[in-house]
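Colleague: A single structure is presented below for examination.
The values are calculated or read from the model by the stated rules, or taken from the named source; none is laboratory data. Every value quoted in this text rests on a predicted model; they were computed, and no experiment measured them. Every residue, glycine among them, receives a Cβ derived from its backbone with ideal geometry; neighbour counts consider all protein chains shown.
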Amino acid sequence: MSLKIALILSVILQFSAAIIAMTLIRRTRTNIAWWLISAGFLLMAIRRVFEIIQVFNPEDEISNWLVSSWIAVVISMIMLLSLIFIRRIFNLQKQIDELRKQNESSVLSAILKTEENERQHFAKELHDGLGPLLSSVKMTLSASRYKGKNNEELLLNAEKLIDESIGTLKDISNKLSPHVLVNMGLHRAVKSFINRLQIIGNPQIRFNSNIENKRFPHNVEMVLYRIACELITNTLRHANAHHIYIDLMTEGNILTLKYIDDGIGFDTRKAGAGQPTLGFFNIQSRIKSLNGSFDLFSEPGEGMQVDIMIRIEKNEKD
């Protein structure tokens, strides 16, 4: 009696396992290996049914045994096939992991290259901008010590040079950490950057935003500001565009940046030397650090579009 109860319970468990396996097929994206495993569970349950029939009806033992044996053979074949497909999945996963490592290496190289370019740019700003001004101040003050010189005129000239040096230092400081971004927010900072570029010969920039005075986490504002500035700068340098369209919008806890230019475009599949796609690796990594999404669309002669979306958690807002 206990054997019969155990067999009935095993049938129930086997059918339950088969049902659960089949409900998981969608989550595995209808992978053939999981189909085979589900079929194997179902056949195991059916085999248990024949074992119960054999216990309750021992007179037909031979036919039940034959059916059960053939089902066992089919189950073995199904499990072997499923293992073959699972092995292929593991091989594919290994290839994906290798591609991911290569991509991460490319992103890291792009970040290091960008950081080095920023250091060189900063050094050039100090050397070519602030350095000559301070040298001129030094020479002016040195000249004021000689007799026969108009010290008042020399000191006035030195004062002007010092004022110019202070202005240059403020410009360099603003490039490193934009004060308008810290004090006024993302909308005002991007708008201020655009206003400084609205000169004859530059593309027409149309900036549309609904964030106004809303504030976001500092790292989000800083990253989006840097990205917007970098995209505009890249367009000015490389794209020969006539128009730039920027939408900076927020809806609920979603912050989006859409950037479009009508320039010459480029092949996004090429990331070699001289291709602007190298800079986009750095942008993508910065967006990834914020758990956001980054999509780039461009073709030669078709301009460029960048779509960025960042989800802002409620407890992260300022």
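Colleague: Look at Asn219 and say whether it is loosely packed, with under 15 Cβ neighbours inside 10 Å and in a helix (DSSP H, G or I). It would help to see each step written out before you state the result.
Modeller: Numbers: loosely packed, with under 15 Cβ neighbours inside 10 Å: yes; in a helix (DSSP H, G or I): yes.
The answer is yes for Asn219.
Colleague: Are any residues in region 287-306 over 12 Å from the mean Cα position of the chain (by Cα) and without any contact (Cβ under 8 Å) to a residue 40 or more places away in the chain, and if so, which ones?
Modeller: Residues satisfying the conditions are Phe297, Ser298, Glu299, Pro300, Gly301, Glu302.
Colleague: In this structure, does Gly272 turn out to be over 16 Å from the mean Cα position of the chain (by Cα), at pLDDT below 85 and in a loop (DSSP other than H, G, I, E, B)? Give the derivation first.
Modeller: Working: over 16 Å from the mean Cα position of the chain (by Cα): yes; at pLDDT below 85: yes; in a loop (DSSP other than H, G, I, E, B): yes.
So Gly272 fits the description; yes.
Colleague: Further question: For region 31-87, give me the residue count where each residue is at pLDDT below 70 and hydroxyl-bearing (Ser, Thr, Tyr).
Modeller: Counting residues in region 31-87 that are at pLDDT below 70 and hydroxyl-bearing (Ser, Thr, Tyr) gives 1.
Yes/no matrix, rows are residues, columns are (1) surrounded by 14 or more Cβ atoms within 10 Å (Cβ to Cβ); (2) in the same structural domain as Ser289 (by TED's automatic domain parsing); (3) polar (S, T, N, Q); (4) at pLDDT below 90:
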{"site": "Asn183", "(1), (2), (3), (4)": "no, yes, yes, yes"}
{"site": "His187", "(1), (2), (3), (4)": "yes, yes, no, no"}
{"site": "Ser192", "(1), (2), (3), (4)": "yes, yes, yes, yes"}
{"site": "Phe207", "(1), (2), (3), (4)": "yes, yes, no, no"}
{"site": "Asn213", "(1), (2), (3), (4)": "no, yes, yes, yes"}
